[in-house]
Amino acid sequence: MDDPLDALRGICLALPETTERLSHGEPTWFVRDKKVFVMFADHHHDDRLAFWCAAPPGVQAELVAEDPDRFFRPPYVGHRGWLGVYLDVEVDWAEITEIVADAYRVIAPKSLAARLP
């Protein structure tokens, strides 16, 4: 992908009833324009390009321990189990699509989450 933001945007906006707007100066995706499930992080808190997202219980700790070069505990929301995903490394966009879908499932109402494959 030439532009990680464009790729991430396409993945997020393909999900049901998802909207995008700036939050804290970064592109952020919401379910039904209310609840955040993914936030872009363009060198906002460090020198890395990444995104932060909701994650199912235990996933953050597992992925960070497994591959700290690709995953991290983000500031502010990490204590709630959110996952940080670096985009300035080699990215597996199929895996990113799965991570984003899981984030959506964590935040979206059950009726919307059920619409995902």
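The values are calculated or read from the model by the stated rules, or taken from the named source; none is laboratory data. If you're wondering where the values come from, they're calculated on a predicted model, not measured in any experiment. Positions of Cβ are generated from backbone atoms using ideal geometry, with glycine treated the same way; all protein chains shown enter the neighbour counts.
Points worth noting:
- All of Gly58, Gly81 fail the test of being on the phi > 0 side of the Ramachandran plot and either touching a strand residue (DSSP E or B) at 6+ places or on another chain (Cβ under 8 Å) or crowded, with 16+ Cβ neighbours inside 10 Å (or both), apart from Gly81.
- Lone qualifier among Thr97, Thr19 - being at pLDDT 95 or above, outside any helix (DSSP H, G or I) and among the polar types (S, T, N, Q): Thr19
- Within the set Val100, Val106, the sole residue that is of a type in the set (A, V, I, L, M, F, W, C), crowded, with 20+ Cβ neighbours inside 10 Å, touching a residue at least 24 places away in the same chain (Cβ under 8 Å) and closer than 17 Å to Pro16 by Cβ turns out to be Val100.
- Residue match in the range 70-81 (condition: closer than 24 Å to Arg115 by Cβ and of a type in the set (A, V, I, L, M, F, W, C)): no
- Looking only at residues of the range 1-39 that are farther than 27 Å from Ser111 by Cβ and without any contact (Cβ under 8 Å) to a residue 40 or more places away in the chain, we find that the one that is surrounded by the fewest Cβ atoms within 10 Å (Cβ to Cβ) is Asp2.
- Test: Asp42 is in contact with a strand residue (DSSP E or B) (Cβ under 7 Å, 6 or more places away or on another chain) and either among the aromatic types (Phe, Trp, Tyr) or more than 20 Å from Asp88 (Cα to Cα) (or both): no
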